[in-house]
């Protein structure tokens with residue numbers, strides 16, 4: 001057997017990701033241990049390379065958990081943390097409820113139609129995220145299209161914009177393709193004979209689905225749920241455009257700390273706290289269901 | 001055995017697609033509205049498109065975005081294809097877990113964290129933020145997507161074809177160029193398109209890593225949207241959606257025709 005040297009192809013992307021992904025995440029961790037300072041860049045301590053080992057030691061001595069303590073003592077951050085997780089969990093459940101029937105319906109179509117429907121689901125994912133969320137502002141705002149329709153039907157108006165419901169709606173809308181695709185991928189590969197066997201043994205269609213098809217599609221459910229939950233927990237655009245000042249989500253907190261308050265250590269500490277929370281789902285995502293995406 | 005979706009399935013697909021497309025359709029429709037309001041239809045007009053073509057800042061942002069997108073997509077596709085070859089072909093090599101971990105990690109990482117970390121990198125390195133920092137950042141984000149797309153294609157491509165070429169005396173590099181590459185070319189093209197559109201689309205990472213003089217279209221749109229719904233944004237959005245949809249549907253039709261001929 002020949003020696004396979006394809007592994008060498010990994011060198012360049014590996015080095016790239018170390019420089020532009022691995023190392024920068026470490027920088028965020030380091031900065032979260034620093035303090036804010038009136039300087040540019042606005043944090044201290046910084047390594048004084050000219051002082052050699054003594055400078056490095058002084059730098060390490062200057063690092064502490066003060067920023068984390070400051071954040072943990074502030075209700076605002078704890079609320080934002082809790083509402084981020086609550087909102088993304090709710091949206092994930094809704095995505096499953098909307099996405100599963102869609103994926104199931106598509107799988108049951110003729111192959112040519114199936115491929116067109118999959119394209120129809122993917123297409124919005126290719127068109128701008130920002131623009132698709134912007135489109136909802138015109139629908140949800142008090143004098144918007146939704147209330148015009150409700151008014152024409154003689155129903156009382158609703159004020160959805162700048163509420164938690166609007167954020168959840170926006171998340172479900174934006175992430176629907178990410179949920180449907182992994183579900184479609186597992187359902188498409190299902191073995192129809194297993195369902196037939198269940199039917200032959202006397203199970204009704206619902207029972208056959210619930211005891212055979214659904215359990216076999218669980219890897220897709222897991223992949224879709226993780227693929228949506230993780231980025232949604234740190235989402236910025238949706239809560240910012242549809243949520244107004246309430247509810248606060250961590251993605252927006254990081255943004256505000258950084259751009260408005262210029263508190264870089266706080267932004268970094270929030271980012272690290274979010275990352276630590278998402279680490280378990282990220283590792284789960286990397287392990288098991290990735291072949292579903294292929 | 002009965003084929004085809006049940007009434008429930010048809011309803012799920014129909015409502016799901018309505019949910020996905022109604023907001024986009026409304027957005028496109030109101031870009032042709034003569035009035036400023038988004039709820040009152042006051043006649044067909046192209047005035048917002050005319051306004052758009054006289055908006056120098058918007059045109060500059062479009063030009064910047066296209067250049068960032070093309071450059072970063074090219075870098076991302078090259079790097080992503082290399083990573084895909086290594087992951088799909090090399091079996092277990094040292095660093096495989098690390099590479100896959102970083103790729104899937106960056107893929108799901110919230111964009112605010114990616115943006116913040118890249119910004120800190122550029123600050124630490126003393127690089128002034130601008131066109132190149134956004135381009136490098138976008139290449140990093142999109143290379144993960146490019147890897148997944150190419151890797152999926154490589155996984156379904158029979159490696160024995162490449163081995164046959166090598167048995168017939170080709171070097172590994174020649175075998176790759178003459179056998180594997182033509183076979184994965186559609187996936188490489190798809191990866192480039194995906195990387196390009198993701199770059200066109202990105203607000204968060206660009207906001208962190210861009211500097212003065214390199215405002216991208218999403219950044220421009222975002223600053224306008226903060227001021228409220230504006231029909232000119234509808235017009236530029238319609239053009240963007242039209243361009244992307246034409247590209248994606250065109251690619252799909254070509255692929256369908258190929259598949260039928262094969």
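Structure notes:
- Elements of type helices (runs of 4 or more DSSP H) contained in segment A:1-106, each with 2 or more residues being at pLDDT below 90, under 25 Å from the mean Cα position of the chain (by Cα) and away from chain B (no Cβ under 14 Å): A:66-72
- Qualifying position, being at the interface with chain A (Cβ under 7 Å from one of its Cβ atoms) and crowded, with 24+ Cβ neighbours inside 10 Å, among B:87, B:116: B:116
Residue by residue, here is whether (1) in a helix (DSSP H, G or I); (2) buried (at least 21 other Cβ atoms within 10 Å of the Cβ); (3) in contact with a strand residue (DSSP E or B) (Cβ under 8 Å, 6 or more places away or on another chain) holds:
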{"residue": "A:167", "(1), (2), (3)": "yes, yes, no"}
{"residue": "A:170", "(1), (2), (3)": "yes, yes, no"}
{"residue": "A:176", "(1), (2), (3)": "yes, yes, no"}
{"residue": "A:181", "(1), (2), (3)": "yes, yes, no"}
{"residue": "A:186", "(1), (2), (3)": "yes, yes, no"}
{"residue": "A:193", "(1), (2), (3)": "yes, no, no"}
{"residue": "A:198", "(1), (2), (3)": "yes, no, no"}
{"residue": "A:203", "(1), (2), (3)": "no, no, no"}
{"residue": "A:219", "(1), (2), (3)": "yes, no, no"}
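- Matching option when the condition is modelled with pLDDT under 90, more than 7 Å from chain A (Cβ to nearest Cβ) and over 29 Å from residue A:143 (Cβ atoms), among B:36, B:2: B:2
The values are calculated or read from the model by the stated rules, or taken from the named source; none is laboratory data. On a predicted model such as this, the values are computed, not experimentally measured, just so you know. Cβ: placed from backbone, ideal geometry, glycine included. Neighbour counts: every protein chain shown.
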